[in-house]
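Accompanying notes for the structure given below.
The values are calculated or read from the model by the stated rules, or taken from the named source; none is laboratory data. Predicted model only: the values in this text are computed from it and were never measured. Here the Cβ is made from the backbone with ideal geometry for all residues, glycine too, and neighbour counts use every protein chain on show.
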Amino acid sequence: MLKALIVDDEQHCIDRLERLLESSTYNIQIVGYCKTIDEAKKEIVKNTPDILFLDVQLGNETGFDLLSQLNSIDFEVIFTTSYDKYALKAIKFSALDYLLKPIDNTELDNALQKLRQQRSLKEASKKIDVLFHNFKESNASSKRIAIPTVEGFSMMDTKEIIRFQSDTNYTHIYTLSQKKITASKTIKYFEEILDENMFFRVHKSHLVNLDYIKTYTKGKGGYITLSDKTKIEVAVRRKDELLQKLRA
Amino acid sequence: MPRPTKNKYCIILICLVHFFGASQQNKLDSLKNELQAHALKDTIRVGLLIKLASEMTYSEPNQGFSLIEEALTISKKNKWLKGEALAQRQKGNLYYVLADNLNALDAYQQALVLSKKITDKQLESSILSNLGNIHADLKEYDQALENYHAYLETSQAMGNRAEEIKALSNIAIIYNDTENFKEGVSYLKKALELAKLEKNNLFVAAITNNLALAQKKQDKPQKALENYQKAADLAQIIGNKYIEASALNSIGEINALLQNYAVAETYADRALSISKEIGAVEWQADSWKVLSSAYENKGETAGALNAYKEYVTLRDSVLSEEKKSELTRKEMQFQMERQQAVANEEIKRQQLVKNIYLIGAILLVLLAVLGYYIYKRRRDELEKKKTAEFNAKVSETELKALRSQMNPHFIFNSLNSISDFISKNDIQQADDYLVKFSRLTRAILENSEKKSIPLNEDLELMELYMQIEAIRLENKLHHKITIDQDIEPNNTLVPPLILQPFIENSIWHGIAPKNGDGHIDIKIKKEGDMLKYVVDDNGVGQPKKNMSEKKSNGSYGIKITKSRIDILSHLKNKKGSINLMDKPEGVRVEITLPLELQF
């Protein structure tokens, strides 16, 4: 039995989520709902929920503000939003979970299932750290990213990453400290959330950090040599755009 | 003799070809006969022509030119440079004899160039000598010296002593004429030495005579007398009356100056008789002058007067002769200067013409550059305008595409459907519909700003769209999507929702009005480097013309799609197309797009 708290400033959204959770096969107890950050803070202290369903937009404030005002976070967070591109990107960067409104019960079930598989609450706290780091850090090149792996999550500075290499549904990540991490996401997932001015998809199976390209060697598509001396083939159709980026 | 008699006592050792050779009539005739016999235009004829012209130099110089011209023509035709050079030299000789120094110089110069080309030293030295003579005549002493020095060098190079002596004496004469006696005497001494070595008494006599003249002018009467005596003695031995007369006359003159009138009279008498013999008028005058002063001194007044009269008469005739030649010379010089002036004028004119052409060319280039610049600016402006227009078209089309996908009909029809489900209390269906509707709306909004998305994602959206419409049509709509094997859906890029207006058309104007189930069949194929969508429905066919409202809605979406395909065709430089055709049952739409791959 997991205790859930719902934070949303619109009553009908709360009602819908309540209804969906009640009819869900997962055993969830709703300990309350609140519409403001202040109420939420009190409820969290009082009820110590295991799951917090948190709306991104709360009147003039955001769900992120609530999290930043808490001393410790010992619960899982699932964000809810109807349409907020930038917030979604930040959430994805931290590998936190989210539901799009109106919430679909299949997606809710998926989210709850993932939650059950979570190893420890420590990871939730780490992911939220990543989120805050990225909010505080205005410098685009120094973002932290939570990378979902088979074992759990790996937090990493984007500056640390030299390149991504696709392996069907997995992605290998090669870092400056010569580590290799295998993520349980496709290369497309990373291409979408990472800054396109920092990382470039040179090939179907390769996403590279532009800062670590040492040389480009001409050819049909040519190839690039990275700072760790690996040579990466460039797809013919990506060549022009790559050269444009390198010149800029 | 047109040659000016400036150096009146100086025996000049110049030699034109056959200069002293008096022409003999019989020799001329025999040459003429020989020439007639040899009509063949070859080098032998050239030789004969030149020889004949040369024989005619003094007797009939004007006749010589036609022969020389023929010799030149034949030589040029045969490319015989030596013949050409010899002919030019003879032409110079003819002009020289006719006192046409200008043309003579010209001919000699040409001959010189040719002789240098064939490296004939003999020829070259003779020409240089003649050039020197002419310049000396024209008092162009610097050029005369230059030519004589060259003449000296060539004769030394050939080892021809006689020529060398001539060159040295001629140089000496120039120096003496310009009163540089020191140089003059030194050259004469060199010449004298060589002449003695050669045992050429004529040369020795002439040079000694010239040396004496120089010494006389240097105010060394004793030395001069000594040398004149030597010259006179030697001349007598070899029987050269010219030198003898000149020397004796000079001895008389010097003695008269030294007031040895008796000696002076003796020498003047001897000189006079020889001068008379050879018909040297000037020298006769000089002799009379010496005699006049000698008689006067003796007190023979009548004899002195008579002698003086003789002197004056002869001097006047000489002077008039001299004046005539001086006049000719002046005229020549004037002509030469005029020609020079004309030539300078011509050079100036040509320079001016050249400058005008140059300025014209520069102006033309400047004009062309300016023209190009203006043209380029206009072209760039047009290009810019075109690009701007194209960009405007792109953004306008993007906006319209979004509006057509999110068209109000679709939105309100969907909302009506939800309302309908709720009123019928079919909450589950309403919720299902609503979730799908919001997912589609979100996807359309997200993709509307993308130029292209992977084919698989686009087809998922189409699928979702058809599911939504199927719910509204109470599941009387079925569909099937087939992708060819040789297409990689996740690596093929397509403009988002390009098919949507056609499918909407098929559903609402084809299948909805139809009794019974409808079917939409979507096939995606690859044709070369084009991607082809084929959409078949089995609806009622295209709307009739009077159903204006429905038609306009359908054609609006299609118009936008057409516009989108145009833009794509323009960007990819490949022609895309849309084809709508009626079938016995339903409509077929074919859309062709440039195939674009992600990797």
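Specify the residue that is surrounded by the fewest Cβ atoms within 10 Å (Cβ to Cβ); the eligible residues are those in region B:419-429 that are more than 11 Å from chain A (Cβ to nearest Cβ) and either part of a helix (DSSP H, G or I) or β-branched (Val, Ile, Thr) (or both).
Step one: list which residues in region B:419-429 are more than 11 Å from chain A (Cβ to nearest Cβ), which gives B:419-426, B:429.
Still in the running and either part of a helix (DSSP H, G or I) or β-branched (Val, Ile, Thr) (or both): B:419-423, B:429.
Details: B:Ser419: 11, B:Asp420: 14, B:Phe421: 20, B:Ile422: 14, B:Ser423: 9, B:Gln429: 16.
That would be B:Ser423.
Go through region A:54-81 and report how many residues are closer than 18 Å to A:Cys13 by Cα and more than 11 Å from every other protein chain (Cβ to nearest Cβ). It would help to see each step written out before you state the result.
Start the filter on region A:54-81 by keeping residues that are closer than 18 Å to A:Cys13 by Cα, which leaves A:54-63, A:77-81.
Those still in the list that are more than 11 Å from every other protein chain (Cβ to nearest Cβ) too: A:54-63, A:77-80.
Total satisfying the criteria: 14.
Quick grid of which residues meet (1) part of a helix (DSSP H, G or I); (2) at pLDDT below 80; (3) surrounded by 15 or more Cβ atoms within 10 Å (Cβ to Cβ):
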| position | (1), (2), (3) |
| --- | --- |
| B:Asn306 | yes, no, yes |
| B:Thr313 | yes, no, no |
| B:Glu326 | yes, yes, no |
| B:Lys354 | yes, no, no |
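Could you please let me know if A:Asp228 is in contact (Cβ under 8 Å) with a residue 60 or more places away in the chain and more than 13 Å from chain B (Cβ to nearest Cβ)? Yes, satisfied.
Going by the structure shown, is A:Ile91 within 24 Å of A:Glu151 (Cα to Cα) and assigned to a helix (DSSP H, G or I)?
yes
Within 14 Å of chain B (Cβ to nearest Cβ) and among the charged types (D, E, K, R): is that true of A:Arg201 in this structure?
Working: within 14 Å of chain B (Cβ to nearest Cβ): yes; among the charged types (D, E, K, R): yes.
So A:Arg201 passes the test.
Of all residue pairs spaced 6 or more apart or on separate chains, those with beta-carbon atoms under 9 Å, a first member in region B:176-203 that is touching a residue at least 24 places away in the same chain (Cβ under 8 Å) and under 19 Å from B:Glu244 (Cα atoms) and a second member that is of a type in the set (A, V, I, L, M, F, W, C) and assigned to a loop (DSSP other than H, G, I, E, B) are B:Leu202/B:Leu13; B:Phe203/B:Leu13.
Going by the conditions given, is A:Glu192 modelled with pLDDT under 90 and within 12 Å of chain B (Cβ to nearest Cβ)? Step through it out loud before you land on a result.
Working: modelled with pLDDT under 90: yes; within 12 Å of chain B (Cβ to nearest Cβ): yes.
When the stated conditions are applied, A:Glu192 passes them.
Checking region B:447-463 against the condition returns a match, with at least one residue being closer than 22 Å to A:Thr106 by Cβ, assigned to a helix (DSSP H, G or I), within 12 Å of another protein chain (Cβ to nearest Cβ) and out of contact with any helix residue (DSSP H, G or I) (no Cβ under 6 Å at 6 or more places or on another chain). Given (1) surrounded by fewer than 23 Cβ atoms within 10 Å (Cβ to Cβ); (2) touching a residue at least 40 places away in the same chain (Cβ under 8 Å), where does B:Val46 come up short, assuming only one miss? Every listed condition holds for B:Val46 apart from (1). Scanning region B:149-198 for residues that are more than 21 Å from B:Leu131 (Cβ to Cβ) and among the small types (Gly, Ala, Ser) yields B:Gly159, B:Ser186, B:Ala195.
Would you mind finding the one in B:Ile520, B:Ile560 that is modelled with pLDDT of 90 or more and under 19 Å from B:Phe410 (Cα atoms)? I'd like the intermediate steps shown before the answer.
Details: B:Ile560 fails: modelled with pLDDT of 90 or more.
Testing whether each residue is modelled with pLDDT of 90 or more and under 19 Å from B:Phe410 (Cα atoms) leaves just B:Ile520.
Considered as a group, the residues in region B:200-241 that are surrounded by fewer than 20 Cβ atoms within 10 Å (Cβ to Cβ) and under 58 Å from the mean Cα position of the chain (by Cα) include one that is farthest from B:Ile174 (Cα to Cα), and that residue is B:Asn200. Only one of (1) in a helix (DSSP H, G or I); (2) farther than 30 Å from B:Leu102 by Cβ fails for B:Lys330. Which number is that? All conditions pass for B:Lys330, except number (2). Can you find, within region B:506-521, the residue that is nearest to A:Arg238 (Cα to Cα) among those that are buried (at least 22 other Cβ atoms within 10 Å of the Cβ) and in contact with a Ser or Thr (Cβ under 9 Å, 6 or more places away or on another chain)? Of everything passing the filter in region B:506-521, B:Ile520 is nearest to A:Arg238 (Cα to Cα). Residues of region A:82-108 that are within 12 Å of another protein chain (Cβ to nearest Cβ), free of Cβ contacts under 8 Å to residues at least 60 places away in the same chain and either of a type in the set (A, V, I, L, M) or crowded, with 19+ Cβ neighbours inside 10 Å (or both): A:Leu88, A:Leu99, A:Leu100, A:Asp104. Take region B:562-599 and flag every residue that is in a loop (DSSP other than H, G, I, E, B), within 58 Å of the chain's Cα centre (by Cα) and more than 14 Å from chain A (Cβ to nearest Cβ). Within region B:562-599, B:Asn573, B:Lys574, B:Lys575, B:Gly576 qualify.
I'd like to check something: does region B:381-400 contain any residue that is outside any helix (DSSP H, G or I), surrounded by 11 or more Cβ atoms within 10 Å (Cβ to Cβ) and away from chain A (no Cβ under 14 Å)? Before the answer, list the steps.
Quick first cut of region B:381-400, residues outside any helix (DSSP H, G or I) only: none.
Checked against the condition, which is being outside any helix (DSSP H, G or I), surrounded by 11 or more Cβ atoms within 10 Å (Cβ to Cβ) and away from chain A (no Cβ under 14 Å), region B:381-400 yields no hits at all.
Here is the figure for region A:21-71: residues that are surrounded by 14 or more Cβ atoms within 10 Å (Cβ to Cβ), farther than 20 Å from A:Phe132 by Cα and hydrophobic (A, V, I, L, M, F, W, C) total 5. Selection of region B:573-583 for residues being surrounded by 15 or more Cβ atoms within 10 Å (Cβ to Cβ) and out of contact with any Phe, Trp or Tyr (no Cβ under 9 Å at 6 or more places or on another chain) yields B:Lys574, B:Gly576. Only strands (runs of 3 or more DSSP E) whose full extent lies in region A:1-63 are considered here, and the ones with at least 2 residues that are farther than 16 Å from A:Phe79 by Cβ are A:2-7, A:28-34.
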